[in-house]
Amino acid sequence: MTAAKRHEGRRVLISGGTSGIGLAAARRFLEEGASVCLLGSNDRTVSDALTELEPLAVPGPLVGTACDVSREEEVAAAIELAATGLGGLDIAFINAGIDGEAKPALELDPGHLRRVLEVNVVGAFLVATGAARLMGREGRLIFNASVNAIRPEKLFADYNASKAAVASLAQTMALELADRGIVSLAICPGYVPTRMTAPYMEDPATAEELLADVPAGRFSSGEEVAGLVSFLAGEGGAYMTGSLVNIDGGRSI
């Protein structure tokens with residue numbers, strides 16, 4: 001099958017699908033023939049994303065809903081939308097997440113730490129388990145775990161811990177779902193310009209400091225990461241269950 005139609009007839013759920021890496025992945029899957037269900041943080045971002053992506057939704061369908069992934073009832077409703085709107089699921093890109101406080105561990109607000117864990121870990125768990133229940137053999141769970149799961153970054157104990165947990169969740173589900181033929185793995189992106197990373201990456205001094213840790217000498221892009229997600233969701237990822245796949249320009253070295 002050509003890359004242009006790599007995912008023809010496949011049904012994809014993307015959490016955090018209305019901006020950044022998630023939106024780029026939605027665009028890529030639609031271009032490659034998939035139908036897509038987007039989850040976003042609010043009605044406006046979902047509506048804007050659906051409007052932007054609608055011309056690519058051929059043959060479709062393309063659906064979406066606002067969803068706080070940390071809330072069980074909202075995730076259940078989103079999974080039901082995927083079941084009815086797409087007719088089931090073959091692929092889930094578990095991508096929704098929020099950032100840490102950018103403070104030393106001794107100064108972290110426990111309330112913010114809880115919120116990071118609720119969205120990044122509990123949210124990933126709820127979306128992944130809900131999606132897996134709709135999948136048959138050859139289903140694919142792809143978690144966005146971040147390079148911080150492998151190489152922690154100072155001042156981000158909350159975010160680092162959440163992403164390490166996501167990586168472990170992906171590998172645990174790989175063990176538990178292998179007999180059902182479902183592949184579970186995680187990607188570990190480095191620095192990618194997104195709405196979440198804009199406060200750091202758009203500051204020239206901070207960007208220069210971040211790039212000093214990246215042997216490739218440049219940042220990645222949402223489209224570049226989306227290409228990896230598409231590859232892993234296809235035949236190329238069939239024997240990669242349990243893998244943590246870096247796309248970080250060498251930052252994890």
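Worth a mention:
- Checking every residue in region 187-201 against the condition of being closer than 28 Å to ARG115 by Cα, of a type in the set (A, V, I, L, M, F, W, C) and at pLDDT 95 or above gives at least one match.
- Residues (surrounded by fewer than 23 Cβ atoms within 10 Å (Cβ to Cβ), in contact (Cβ under 8 Å) with a residue 24 or more places away in the chain and not hydrophobic (A, V, I, L, M, F, W, C)) located in region 140-153: ARG151
- Answer from VAL58, VAL69, VAL46, VAL75 - the residue that is out of contact with any Lys or Arg (no Cβ under 7 Å at 6 or more places or on another chain) and at pLDDT below 95: VAL58
- When restricted to residues that are in a loop (DSSP other than H, G, I, E, B), surrounded by fewer than 18 Cβ atoms within 10 Å (Cβ to Cβ) and over 15 Å from the mean Cα position of the chain (by Cα), region 165-193 contains 1.
- Flag for LEU81 being within 24 Å of ALA170 (Cβ to Cβ) and either in contact (Cβ under 8 Å) with a residue 60 or more places away in the chain or in contact with a Cys (Cβ under 8 Å, 6 or more places away or on another chain) (or both): yes
- Candidates ARG180, ARG137 - the one that is at pLDDT below 95 and not hydroxyl-bearing (Ser, Thr, Tyr): ARG137
- Every test in (1) closer than 21 Å to THR84 by Cα; (2) of a type in the set (D, E, K, R); (3) in contact with an Asp or Glu (Cβ under 8 Å, 6 or more places away or on another chain) is passed by ASP43 save one, and that test is (3).
- ALA238 vs. criteria surrounded by fewer than 16 Cβ atoms within 10 Å (Cβ to Cβ), within 23 Å of PHE125 (Cα to Cα), in contact (Cβ under 8 Å) with a residue 40 or more places away in the chain and hydrophobic (A, V, I, L, M, F, W, C): yes
- Among the residues making up region 194-233, those that are under 17 Å from SER19 (Cα atoms), touching a residue at least 60 places away in the same chain (Cβ under 8 Å) and not hydroxyl-bearing (Ser, Thr, Tyr) are ARG195, MET196, GLY222, GLU223, VAL225, ALA226, GLY227, VAL229.
- For ALA96, the requirement of being crowded, with 18+ Cβ neighbours inside 10 Å, hydrophobic (A, V, I, L, M, F, W, C) and within 16 Å of THR172 (Cα to Cα) is not met.
- Among the residues of region 241-251, those that are of a type outside the set (Asp, Glu) and either surrounded by 16 or more Cβ atoms within 10 Å (Cβ to Cβ) or modelled with pLDDT under 95 (or both) comprise THR241, SER243, LEU244, VAL245, ASN246, ILE247, GLY249, ARG251.
- Residue count for region 194-245, restricted to those that are assigned to a helix (DSSP H, G or I) and either in contact with a strand residue (DSSP E or B) (Cβ under 8 Å, 6 or more places away or on another chain) or not polar (S, T, N, Q) (or both): 25
- Here LEU86 does not qualify as touching a helix residue (DSSP H, G or I) at 6+ places or on another chain (Cβ under 9 Å) and either small (Gly, Ala, Ser) or touching a residue at least 40 places away in the same chain (Cβ under 8 Å) (or both).
- Of all residues in region 14-27, those being out of contact with any Phe, Trp or Tyr (no Cβ under 7 Å at 6 or more places or on another chain), of a type outside the set (Gly, Ala, Ser) and crowded, with 24+ Cβ neighbours inside 10 Å number 3.
The values are calculated or read from the model by the stated rules, or taken from the named source; none is laboratory data. Predicted model only: the values in this text are computed from it and were never measured. Cβ atoms come from the backbone with ideal geometry, glycine included; neighbour counts cover every protein chain shown.
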